[in-house]
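Written below as structure tokens is the structure these notes are about.
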Amino acid sequence: MALWTSASSSSSLTQAKFADCAVELYKGLLLALHLGKLKDAGAVDPAQISLGKLNSVREAIEIARTCRTVLGGSGITLEYPVLRHASNLESVLTYEGTSEVHQLAIGQALTGISAYR
């Protein structure tokens, strides 16, 4: 399935970037699917949801940044929506300390000690 058909996609570096993005995208998709099945079965832990959400947003930001580099200087113009997506994802990551809350939930699950104050 060809998603990118321009001449720039024939570069080995560009293809490596696309491959890395696809790996992270599909890992996140599989994680979300697995967590959804656990939730449907009533067997999901809140820390698992935090882990999935935090990972998904972090990887989505990295994918958007990588795609921006493929576009070169055009990646920061309004001609392509990549930078807009990256900015939206940054706001999701940092909105009211969301990433930190997920980290605290995961940390508590790992250590058994609550760091909430």
Per the filter on segment 66-82, residues crowded, with 18+ Cβ neighbours inside 10 Å and of a type in the set (A, V, I, L, M) are VAL70, VAL82
Of the candidates LEU104, LEU93, LEU71, the one satisfying the condition of being over 23 Å from CYS21 (Cα atoms), within 20 Å of the chain's Cα centre (by Cα) and either modelled with pLDDT of 85 or more or not charged (D, E, K, R) (or both) is LEU104
Of the residues in segment 43-65, those that are over 21 Å from GLN108 (Cα atoms) and surrounded by fewer than 18 Cβ atoms within 10 Å (Cβ to Cβ) come to GLU62, ARG65
Counting only residues in segment 12-22 that are surrounded by 12 or more Cβ atoms within 10 Å (Cβ to Cβ) and farther than 16 Å from ARG68 by Cβ, the one modelled with the lowest pLDDT is identified as GLN15
ILE63 passes all but one of the listed conditions (1) over 25 Å from SER11 (Cβ atoms); (2) in contact (Cβ under 8 Å) with a residue 40 or more places away in the chain; the exception is number (1)
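The values are calculated or read from the model by the stated rules, or taken from the named source; none is laboratory data. What you are looking at is a predicted structure, and each value in this text was computed from that prediction instead of being measured. Cβ coordinates were reconstructed from backbone atoms using ideal geometry, including for glycine residues, and neighbour counts include every protein chain displayed.
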